[in-house]
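The values are calculated or read from the model by the stated rules, or taken from the named source; none is laboratory data. This is a predicted model, so every value here is computed, not measured. Methodologically, a virtual Cβ is constructed for each residue, glycine included, from the backbone with ideal geometry; neighbour enumeration extends over all protein chains shown. Calculation scope for accessible area: heavy atoms of the full protein, side chains included, ligands and nucleic acids excluded. Shrake-Rupley method; radii C 1.70, N 1.55, O 1.52, S 1.80 Å.
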Amino acid sequence: MPTAAPIIGIVRHSINVDGEGVCTLVAFHSCTLKCKYCLNPHSLSGVEKYKKFTPEALFERVKVDDLYFQATNGGITFGGGEPMLRAEFIEEFKRICPSNWRISIETALNVEQSFVRRLLGVIDHYYIDIKDINNSIYESYTSKSNQQVIENLKFLAQQNLADKITIRVPLIPGFNTADDQEKSIAFLKELGFKNFNRFTYLTDTERAD
């Protein structure tokens, strides 16, 4: 049985934003990256302040929206932090929740491939934020190489999962350009991916405004 995992937030009633239909976003603590414009910096802060849930306790918390999930083909989207690190937890949660709940994941995919393999057959849709395919750009932004990301992308493509994957390709102010975005997309298309979400990160200054 998986141990209890610290969760930094549970957001209900997200509609067609964090997944299809009505979704509840469950964000785990801990991440493998240190992104300059991190959306959830508290995922890297002291873990002791966050409540830990077992898969069963989380199910009891979120099942209140079962009718919404079933009526809209919605469900649970796991984010973070890096939710792939909690693969065992997600696997167990999938086992105990209704079979028609959609399980989605928002991941940077920079994890050991064993985590990715464990969730094959568990995840209904992947939202993968690749930052940038150019490793120099990626490393300057995240403080880590993207070699593992590319290996995991190739692995998922080999599993014929392209239809279940949306790849987020951001414009990151001060780090990449629109041309870099297009180069990333061209590379990903060669791997067989076809669903892309282009967008621009908000900097801390823009968020404050």
Dividing the mean separation of Cα pairs under 8 Å (6+ apart) by the residue count of region 2-69 yields a relative contact order in percent of 38 percent
Between region 27-71 and region 84-147, what is the C-alpha centre distance in whole Å?
-> 14 Å
Give me the distance in nm between label points sitting 7 Å out from Cα along the Cα-to-Cβ direction at Cys38 and Asp163, one decimal.
-> 3.8 nm
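Apply the a/c threshold of 1.5 to the C-alpha gyration tensor of region 1-158 and tell me whether it is rounded, prolate or oblate. The partial results should precede the final answer.
Working: a/c = 1.73, a/b = 1.46, b/c = 1.19.
Prolate, since a/c reaches 1.5 and a/b exceeds b/c.
With r defined as the distance between the Cβ atoms of Asp179 and Gln147 and R0 fixed at 22 Å, what FRET efficiency is calculated, to the nearest 0.05? Numbers along the way, then the final one.
Values: r = 23 Å, r/R0 = 1.03.
The pair Asp179/Gln147 has a calculated efficiency of 0.45.
Per 0.36 nm of contour for each residue apart, how much would the distance between Ala4 and Leu171 grow if the chain were fully extended, relative to their Cα-Cα spacing?
Details: separation 167, 0.36 × 167 = 60.12 nm, distance 3.56 nm.
Stretched out fully, the Ala4 to Leu171 stretch lengthens by 56.6 nm.
At 0.36 nm per residue, and after removing the present C-alpha to C-alpha distance, how many nm does the segment from Ser136 to Val122 gain when stretched out fully? The partial results should precede the final answer.
On the way: separation 14, 0.36 × 14 = 5.04 nm, distance 3.28 nm.
Once the chain is fully extended between Ser136 and Val122, it gains 1.8 nm.
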In debye, nearest 20, what is the charge dipole magnitude of the chain about its Cα centre with +1 on Lys and Arg Cβ and -1 on Asp and Glu Cβ, if you could check?
-> 260 debye
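At a 1.4 Å probe radius, carbon and sulfur cover how many percent of the accessible area of region 137-178? Walk me through the intermediate numbers first.
Numbers: 850 of 1820 Å².
Carbon-and-sulfur percentage of accessible area, whole number: 46.
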Output the pairs from Lys131/Lys183; Lys164/Lys194; Lys36/Lys131; Lys51/Lys144 with a Cα-Cα distance over 18 Å in this structure; if there are none, say none.
-> Lys51/Lys144
Tell me what the chain gives for mean residue ellipticity at 222 nm when only DSSP H runs of n ≥ 4 count, each as -39,500 (n - 2.57), the sum divided by the residue total, rounded to 500 deg cm²/dmol.
-> -9500 deg cm²/dmol
Quick one: length gained pulling Phe155 to Leu191 fully straight, 0.36 nm per residue minus the C-alpha distance?
-> 12.0 nm
